[in-house]
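Note sheet for the following structure.
The values are calculated or read from the model by the stated rules, or taken from the named source; none is laboratory data. Keep in mind that what you see is a predicted model, and the values were worked out from it rather than measured. In this analysis, Cβ positions are derived from the backbone assuming ideal geometry, glycine residues included, and neighbour counts consider all displayed protein chains. Note: areas computed on protein heavy atoms with side chains; ligands, DNA, RNA excluded. Shrake-Rupley method; radii C 1.70, N 1.55, O 1.52, S 1.80 Å.
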Amino acid sequence: MTKSQVRYILGNPVVDDSLDQKRWDYVYTIQVAGGDILRRVLILHFRDERLSYFEGDFLPTDEAAELANEEIT
């Protein structure tokens with residue numbers, strides 16, 4: 001994906017570091033009424049203006065985890 005495609009889907013990154021345009025950081029927070037605040041981080045890395053890889057602390061949904069387990073077995 002290009003940077004403009006990523007920006008269209010995810011919006012502007014939270015941290016706009018003019019010194020490192022190859023890394024975009026997104027931070028998501030969710031609070032269910034009366035519950036704890038959940039904070040998740042997504043870091044995107046670009047090479048040659050295209051998404052190269054990403055990292056973060058997101059976990060797959062139960063359905064995605066089940067599909068992955070089925071493919072392994």
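Using DSSP to call loops (not H, G, I, E or B), can you name the trypsin sites (Lys or Arg not before Pro) in the range 1-59 whose Cβ has at most 15 other Cβ atoms within 10 angstrom? The partial results should precede the final answer.
Values: sites: Lys3, Arg7, Lys22, Arg23, Arg39, Arg40, Arg47, Arg50; in loops: Lys22.
Sparse-neighbourhood loop trypsin sites (Lys or Arg not before Pro): Lys22.
Kindly sort Phe54, Phe46 by accessible area of their heavy atoms, largest first, with the probe set to 1.4 Å.
In descending accessible area the options line up as Phe54, Phe46.
Can you give the local net charge around Asp48? Use residues other than it whose beta-carbon is closer than 13 angstrom to its beta-carbon, Lys and Arg +1, Asp and Glu -1.
+3
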